[in-house]
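The values are calculated or read from the model by the stated rules, or taken from the named source; none is laboratory data. Computed from a prediction, not measured in an experiment: that's the story for all the values here. Every residue, glycine among them, receives a Cβ derived from its backbone with ideal geometry; neighbour counts consider all protein chains shown. Side chains are part of the model used for accessible areas, which takes the heavy atoms of the whole protein and leaves out ligands, DNA and RNA. Shrake-Rupley method; radii C 1.70, N 1.55, O 1.52, S 1.80 Å.
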Amino acid sequence: AMMPYEDIQIQLVDLPPVSLQHMETWVPNIIRTSDLVLVVIDLSSPRVLEDMEETIDLLEKYKIKLVSYKPRERFWESIIEKRTHCVGTKQDIPGAEENSTILRELYSPRFGFSIVSAITGYGMKKLKQEIFDALEIVRVYSKPPGKEPDLSRPYTLPKGSTLLDFAGAVHRDFVERLKFARLWGHGKFEGQRIQRDYVLQDKDIIELHI
């Protein structure tokens, strides 16, 4: 499914349970290719701590390590790190609050943590923001010279991307052909020239000159 967040769409892939009893063989491969892992935990379960640890341990057996920081390139090892955010569901069920408190105390220093209810809608809007933040991406709008910017379809790039990365996303030839660029947004001097190594900020408006 596609989850709308402001002016972009974020793809969500609903997977079968990660379980010691049975897990589809293709599930680890899907997790390996994801940009973010949401570990969804049933807060009404009396085994909520065991469920959490089993999930973490089982994925590590498949060489997938759940982390809160930006994953590192580990070419010398077969293990792959995946940025993770935990989501406790069924907040409306009796006993969920106590379980959520326990999970927060144990895992919030390690992962981002959200509490939601699909029945009441509790926390759902905030979860969208938290998913966007955890993905660590920025939105950049293209402004053709002499025209208004297109604010309906931003380019999305990883945080830390530069002007040259944006130029390459617009067209691969623009990296070599770029003469200069102008920037609008974030309280800067409107239309100021920026260098090729300028680090993009969320909702920058960029005018490329080639």
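General remarks:
- DSSP-defined beta bridges in the chain - what % are antiparallel, rounded to 5: 50
- Checking every one of the trypsin sites (Lys or Arg not before Pro) in region 22-62 against DSSP loop status and a limit of 16 other Cβ atoms within 10 Å picks out Arg47.
- Close amide H pairs (under 5 Å, H built 1.01 Å from N) link Gly88 with Ile41, Ser114, Ile115, Val116, residues at least 5 positions away or on another chain.
- 17 Å Cα-Cα reach of Lys125 towards lysines, excluding residues that sit fewer than 8 places from it in its own chain: Lys90
- Over region 146-193: Rg over Rh, Cα atoms, Kirkwood Rh: 0.95
- Between the amide H of Met3 and those of Ile10, Gln11, Leu12, distances stay under 5 Å, these residues lying 5 or more places away or on another chain, with hydrogens modeled in the peptide plane.
- Candidates per trypsin sites (Lys or Arg not before Pro) in region 166-195, loop by DSSP, up to 10 other Cβ within 10 Å: Arg172, Lys179
- Length gained on full extension, Asn29 to Arg153: 41.6 nm, using 0.36 nm per residue less the C-alpha separation.
- Restriction of the chymotrypsin sites (Phe, Trp or Tyr not before Pro) in region 1-82 to DSSP coil positions whose beta-carbon has at most 13 other beta-carbons within 10 angstrom yields Trp26, Tyr69, Phe75, Trp76.
- Whole-number percent relative contact order across region 6-109, with pairs defined as alpha carbons under 8 Å at least 6 apart: 31
- Accessible-area value, Ile131, 1.4 Å probe, nucleic acids and ligands omitted, Å²: 10
- Hydrodynamic radius of region 1-121 per Kirkwood, over alpha carbon pairs, in Å: 15.5
- Adding -39500 (n - 2.57) for every DSSP H run of four residues or longer, then dividing by how many residues the chain holds, sets the calculated 222 nm ellipticity at -7500 deg cm²/dmol.
- A run of the chain free of exposed loop cleavage sites, with GluC sites (Glu not before Pro) counted only in DSSP states other than H, G, I, E and B and at most 14 other beta carbons within 10 Å, reaches its longest extent at 78-135.
- Listed cross-link partners Lys126/Lys147; Lys82/Lys143; Lys70/Lys203 are compared with a 30 Å cut-off, the Cα-Cα value being larger for Lys126/Lys147; Lys82/Lys143.
- Karplus (6.51, -1.76, 1.60) ³J(HN,Hα), θ = phi - 60°, over region 31-43, in Hz, Gly and Pro reported as x: 4, 4, 8, 7, 8, 8, 9, 9, 8, 9, 10, 7, 5
- Per principal axis, descending, Cα span of the chain in whole Å: 62, 43, 29
- Derived from the Cα gyration tensor, the three semi-axes of the equivalent ellipsoid of region 78-171 are 37, 18, 8 Å, largest first.
- For Phe180, the residues whose modelled amide H falls within less than 5 Å of its own, excluding neighbours fewer than 5 places apart on the same chain, are His209.
- Gain upon complete extension [Glu97, Val13; 0.36 nm per residue less C-alpha separation]: 27.6 nm
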